[in-house]
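The values are calculated or read from the model by the stated rules, or taken from the named source; none is laboratory data. Predicted, not measured: the structure shown is a model, and the values here were computed from it. So basically every Cβ, Gly included, is an ideal-geometry build from the backbone, and we count neighbours across all protein chains shown.
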Amino acid sequence: MKYLSTLLLFAIAGLQLQAKVWRINNTPGVTADFTTGAAAMASASVLSDDTLHFEGSSTAYAGFTINKRLVIIGTGYFLTGANSNPGLQANINSANFNGAVIFFDSTSSGSKIIGLDNFFFANGPVLGSATDNITLIRCRISSAGQVFGVIPNTKMAGWTINKCHFNGGASFSVFVLENWQVTNNIFLGAGNMENTSNVNNLIRNNVFRSAVNVFNAYFSNNIITGTTFSSTNSTVKNNISSGTNLPAGNGNLNSQTDAVVFQGLTGNSTDGQWRLRPGSTAIGAGETVASITPNGGAYGTADPYVLSGIPEIPTIYTLTVPASVPSNATTMPITISAKSNN
């Protein structure tokens with residue numbers, strides 16, 4: 001695994017020529033720069049625009065507060081076990097936070113989080129004022145919202161949540177959301193973006209498996225269940241529901257069961273089950289833009305959801321190293337299989 005970590009380190013280093021990449025690994029016996037995110041945040045050597053690479057570990061990482069503008073990269077999720085996507089990483093351990101909270105301070109504005117597994121993200125008044133321009137991509141998120149009594153109507157602008165898997169809900173009703181883009185995600189819990197001061201938010205090509213409540217949003221190409229759906233001061237177009245909760249017209253389609261839309265879990269992975277089955281009514285059901293008509297749901301558009309949230313950096317998915325080498329050997333055969341994940 002030492003060879004694996006070193007090779008990945010060089011791959012990530014190529015992303016940023018001047019900023020530094022810091023290794024975080026809490027596995028006993030592994031030499032890394034830090035064992036926790038909190039230690040990295042407390043270090044004066046870690047500067048804004050640096051990268052924190054959380055390596056796969058069998059021990060869950062502790063939560064922490066992001067108080068610098070950083071790129072934070074994990075290794076994806078659903079890498080092993082029942083209904084997983086095997087063969088994507090040589091190290092099948094993820095950067096798993098086991099539901100621990102990652103807080104975003106206002107000083108973390110502009111940060112990008114990629115490929116972390118099973119964390120709760122939150123904001124609160126003790127963390128400063130509004131946190132803007134956060135990007136969450138290819139992460140598995142337990143749930144999202146506020147911890148502490150958030151100052152009502154704190155504005156959060158320019159967030160991007162893309163290709164993430166939410167185990168639970170995402171409740172942002174206490175915040176004013178401005179210019180958010182929520183695209184190609186899978187939400188197993190409720191999605192609430194209903195603050196009456198929201199401005200210009202895009203919610204497109206997601207799968208929602210529970211209640212959805214939006215205000216002042218462009219809501220299109222989504223596939224939702226037949227639970228509560230409410231929209232105020234919003235454009236609702238080309239969505240599909242298993243119930244009868246979508247407004248008539250504008251390409252919206254009600255009463256479409258899971259069985260006719262999705263592939264389903266049988267023979268599939270936890271996140272792969274939400275791909276469209278052959279003949280699905282969501283195929284070609286999205287809104288036509290620039291003469292292109294995408295599919296509905298998280299796997300639609302030219303930038304679809306990615307299985308297991310594998311980060312868009314080179315990864316090693318198989319690694320073969322001899323168990324032993326003769327003492328007089330001058331070479332050692334190693335077999336590596338890698339791919340770019342663009």
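Things worth noting here:
- Enumerated strands (runs of 3 or more DSSP E) restricted to the range 235-342, each holding at least 2 residues that are surrounded by fewer than 17 Cβ atoms within 10 Å (Cβ to Cβ) and of a type outside the set (Ser, Thr, Tyr): 335-339
- The residues of the range 62-95 that are farther than 16 Å from residue 117 by Cα, among the small types (Gly, Ala, Ser) and crowded, with 20+ Cβ neighbours inside 10 Å amount to a single one, 90.
- Matching residues, the range 39-56, being surrounded by fewer than 18 Cβ atoms within 10 Å (Cβ to Cβ) and among the acidic types (Asp, Glu): 49
- Scanning the range 139-161 for residues being within 17 Å of residue 202 (Cβ to Cβ) and surrounded by 20 or more Cβ atoms within 10 Å (Cβ to Cβ) gives a total of 3.
Rundown of residues vs (1) surrounded by 20 or more Cβ atoms within 10 Å (Cβ to Cβ); (2) in contact (Cβ under 8 Å) with a residue 12 or more places away in the chain; (3) closer than 21 Å to residue 273 by Cβ, yes/no style:
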residue: 180; (1), (2), (3): yes, yes, no
residue: 184; (1), (2), (3): yes, yes, yes
residue: 191; (1), (2), (3): yes, yes, yes
residue: 196; (1), (2), (3): no, yes, no
residue: 199; (1), (2), (3): no, yes, no
residue: 205; (1), (2), (3): yes, yes, yes
residue: 212; (1), (2), (3): yes, yes, yes
residue: 219; (1), (2), (3): yes, yes, no
residue: 228; (1), (2), (3): no, yes, no
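- When residues of the range 1-30 are limited to those that are among the hydroxyl-bearing types (Ser, Thr, Tyr) and at pLDDT below 95, the one farthest from the chain's Cα centre (by Cα): 3
- Residue satisfying all of: in the range 146-163; more than 21 Å from residue 309 (Cα to Cα) and not in a loop (DSSP other than H, G, I, E, B); farthest from the chain's Cα centre (by Cα) among these: 155
- When the range 96-119 is filtered for residues that are modelled with pLDDT of 95 or more, under 25 Å from residue 132 (Cβ atoms) and either surrounded by fewer than 20 Cβ atoms within 10 Å (Cβ to Cβ) or touching an Asp or Glu at 6+ places or on another chain (Cβ under 6 Å) (or both), the ones remaining, listed by number, are 100, 110, 112.
- All told, residue 327 falls short of being among the hydroxyl-bearing types (Ser, Thr, Tyr), over 30 Å from residue 254 (Cα atoms) and under 20 Å from the mean Cα position of the chain (by Cα).
- Within this structure, residue 59 passes the test of being at pLDDT 95 or above, of a type in the set (Ser, Thr, Tyr) and surrounded by fewer than 16 Cβ atoms within 10 Å (Cβ to Cβ).
- Residues of the range 26-38 classified as more than 15 Å from residue 100 (Cβ to Cβ) and surrounded by 14 or more Cβ atoms within 10 Å (Cβ to Cβ), total: 5
- Options 52, 47, 79; residue that is among the aliphatic types (A, V, I, L, M), closer than 19 Å to residue 311 by Cβ and part of a loop (DSSP other than H, G, I, E, B): 79
- Residue within the range 115-133 that is in contact (Cβ under 8 Å) with a residue 60 or more places away in the chain, among the small types (Gly, Ala, Ser) and part of a loop (DSSP other than H, G, I, E, B) present: yes
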